[in-house]
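Following: one structure in C-alpha cells, then a few remarks.
Just so you know, all these numbers are worked out from the coordinates, no wet-lab data involved. Predicted model, so just to flag it, every value in this text is computed and none were measured. FYI the Cβ positions are ideal-geometry reconstructions off the backbone, even for glycines, and counts take in every protein chain you see.
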Amino acid sequence: MKIGIIGCTGRMGRAILEEILVNSNCEISGGAVRFSSEFVGMDIGTLVGGQSIGINATGSLEALFSQSDAVIDFSNPATSLQAAKIAAEQKKIHVIGTTGFSPEEMAALRNFANDTVIVWSANMSIGVNILLAITEQVASILDDTYDIEILEMHHCHKMDAPSGTALALGNSAASGRKVSLENGAKRSRDGITGARPRGEIGFATLRGGDVVGDHTVIFAGDFERIELTHKASNRKIFARGAVKAALWGKDKNMGLYSMKDVLMG
C-alpha cells in the first residue's frame, strides 16, 4: 500500500514516516506541507533529519491523494475536513488522528465518509483503546456513588483542551452509565463551586514540557479509589496504530470507522 502523510515535517509526521519505512506491507508515497512552506519541493527524508528517499514534499493535498492509496492525517480540523473532501472525491482511504472537531465538523466528516473509507480516532494507540473499553465496563459496574474524574496531561504545544482522548474517555464512562456526557460533563472548576453534584464527570487538564500524553480515569468512592491510567512515552504508538488503520482500510466498505473497528478486525 502506498501511504501519504499530511504534515510530514511535524512531530507525528516524522513518527509516521519512520513507521512506514520499516513496515514491509507499505511504502511512502509522499508528504504534504503548507502550500506556502519553504519545504515544498524538498526531499522529505532529509527534512526529517534522515537520508534522502527521493520523494519531495508537496503543497498540494490533491496531488498527495492522487499518488497514494491512503493518507494519514494528524493536522487540524480545517485541514482534515479539506482532506476528507478530497479523499471522498478520489475514493482514497483517509486515516485521521486530528482532535478538536466541533459537532458540525464531525457531521461533515460523516458525510464525506459516505463516499470513501475514513478511519477517525481521538487516539490511535492500542493501549488507549483498551483503556476506553475498560472505562466503559467499570462505569457500567459502579453506580454514581463513585465520582468519575478524568485527568490528562500533554505537551505545551497542544492546541485543544480537554484532549480528544480525555473526551473519548468521558464518553466511554457516560456510555457505561447510560447517560449523556454533554449533560454531565464538568470541564473546569474555579472559585467557590459548591459541592460536587452526584453523577458529574469531571475533567482536569494539564499542559507542560514535552509530555506525549498521560490519561487517568478516577472512580472515587467512599473509602476507596480506582484509577485506570495510560501513559504514552513515544509517538510511535500513535504512528503504529495509524499505519495499521490504513492497511486495515483496504477493500472495506465506504463509511466512518474507529480504531475499535480496526482492532476488532
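Among 139-151, 113-125, 233-245, how do they line up by average Cβ neighbours within 10 Å per residue, starting with the highest?
113-125, 233-245, 139-151
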Seminar exercise, completed: Amide H proximity to residue 117 below 5 Å, modelled H, separation 5+ or other chain, gives 94, 255
Exercise. Tilt of helix 164-177 relative to the longest C-alpha principal axis of the chain, in degrees (0 to 90, nearest 10)?
Worked result: 40
Exercise. Along the charge dipole of the chain, Cβ charges K/R +1 and D/E -1, which of 130, 119, 68 sits furthest on the positive end?
Worked result: 68
Exercise. Which distance in Å, rounded to a whole number, links the C-alpha centroids of segment 113-184 and segment 208-265?
Worked result: 9
Exercise. Reachable aspartates and glutamates from residue 158, Cα under 17 Å, same-chain residues fewer than 8 places away excluded?
Worked result: 73, 210, 214
Exercise. Residue 178: which aspartates and glutamates have alpha carbons under 18 Å from its alpha carbon, excluding same-chain residues fewer than 8 sequence positions away?
Worked result: 136, 143, 144, 147, 149, 200
Problem set entry | the chain: most fluctuating residue of 100, 184, 31 per GNM, C-alpha cutoff 10 Å | 184
Seminar exercise, completed: Magnitude of the Cβ-charge dipole (Lys and Arg +1, Asp and Glu -1) of segment 1-97 about the Cα centre, nearest 20 debye, reported as 180
Seminar exercise, completed: Amide H neighbours of residue 32 at under 5 Å, excluding residues fewer than 5 places away on the same chain, with H built from the backbone geometry, are 5, 6, 7, 8, 58
Problem set entry | Residue-averaged 222 nm ellipticity for the chain, from DSSP H runs of 4+ at -39500 (n - 2.57), nearest 500 | -11000 deg cm²/dmol
Exercise. Relative to the first principal axis of the alpha-carbon coordinates of the chain, what is the inclination of helix 236-248, with its axis defined by its Cα atoms, in degrees from 0 to 90 and to the nearest 10?
Worked result: 70
Seminar exercise, completed: The exposure ranking of 94, 230, fewest beta-carbon neighbours within 10 Å first, is 230, 94
Exercise. Which of the lysines could a cross-linker bridge to residue 92, judged by Cα under 22 Å and excluding same-chain residues fewer than eight apart?
Worked result: 2, 244, 250, 252, 260
Exercise. What Kirkwood hydrodynamic radius, in Å, does segment 126-232 give when the mean of 1/r is taken over all pairs of distinct Cα atoms and then inverted?
Worked result: 14.0
For this session: May I ask for the angle, rounded to the nearest 10°, between helix 126-141 and the longest principal axis of the chain, with both axes built from Cα atoms and the value confined to 0 to 90°?
Result: 20
Exercise. Residue 75's amide H: which non-local residues (gap 5+, or another chain) put their own amide H closer than 5 Å, with H modeled 1.01 Å from N in plane and none for Pro or chain starts?
Worked result: 97, 98
Problem set entry | About the Cα centre, charge dipole magnitude for the chain (Lys/Arg +1, Asp/Glu -1 at Cβ), debye | 240
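With the Cα gyration tensor of the chain giving a ≥ b ≥ c as the square roots of its eigenvalues, does the rule (a/c under 1.5 for rounded; else a/b larger than b/c for prolate; else oblate) give rounded, prolate or oblate? The partial results should precede the final answer.
Values: a/c = 2.15, a/b = 1.86, b/c = 1.16.
It is prolate, given that a/c is not under 1.5 and a/b is the larger ratio.
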